[in-house]
1. Mind counting the residues in the range 33-47 that are charged (D, E, K, R) and outside any helix (DSSP H, G or I)?
2. Does any residue in the range 77-104 that is at pLDDT below 90 come within less than 7 Å, Cβ to Cβ, of a residue that is basic (Lys, Arg) six or more places away or on a different chain, and which pairs are these?
3. For residues that are within 35 Å of the chain's Cα centre (by Cα) and of a type in the set (A, V, I, L, M, F, W, C), tally how many sit in the range 61-84.
Amino acid sequence: MKVDQCVFVLLWAIAFVVCFTFPYSAAAGEDCTNFNKSCSDCTGHSQCYWCSSTEACIKYPGWTKIVPRNCPSKKWFYGQCRISGYVLIILVPSLVGAFLLFLGCCIYCCCCRQCNKCKKKRMDKEDAKLKRKREEMTALHSQKRSEREIKRDEIRKKYGLRPGSSGYQRIEDNP
């Protein structure tokens, strides 16, 4: 990702966190007992939660205590009436954790693929370099071999041996 894209994503993430994690309320000093009619009427206000066992709308303690102690059972609802708050406390962080794990795996896979492409290019360059060196060494060896062959032929000529012969012949004794 480019730097501009990273900054853009970071700003959107901060905006999301600010907008959706901090509780809001219509009036600061709202009394939740005014909304004791039903669960949906009570949970419509951010400072209140509905206790199903007492069927009362109670002021939510906020972020200081996530689990309210005023409701004797685990059947209390905050923000909606379908899933109890006790289940939400377990479910939401689990889903967020799973999502972050999935996101991390996706980012890791994308980075690894990108890294593998770079690694493949690097390996191709290295292979080409090794192939070039091998060809140079082969050329150098063949040049040295031809130089040695020329020197051998000169020595054979000097001592009267036939050029191209191995130089090793059995000397026979003729009396």
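The values are calculated or read from the model by the stated rules, or taken from the named source; none is laboratory data. Here the structure is a predicted model, which means the values were calculated and not measured. Neighbour counts run over all protein chains shown; Cβ positions are idealised from the backbone, glycine included.
1. Of the range 33-47, the ones charged (D, E, K, R) are 37, 41.
If we keep only those that are outside any helix (DSSP H, G or I) as well, we get 37.
Residues in the range 33-47 being charged (D, E, K, R) and outside any helix (DSSP H, G or I): 1 in total.
2. If the second residue must be basic (Lys, Arg), the pairs left are Ser84/Lys74; Ser84/Lys75; Tyr86/Lys74.
3. 4
Each row is one residue, and each column tells you yes or no for (1) exposed (fewer than 13 other Cβ atoms within 10 Å of the Cβ); (2) closer than 30 Å to Ala13 by Cα; (3) of a type in the set (Ser, Thr, Tyr); (4) in contact with an Asp or Glu (Cβ under 6 Å, 6 or more places away or on another chain).
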site	(1), (2), (3), (4)
Gly44	no, yes, no, no
Thr54	no, no, yes, no
Tyr86	no, yes, yes, no
Leu91	yes, yes, no, no
Cys110	yes, yes, no, no
Lys151	yes, no, no, no
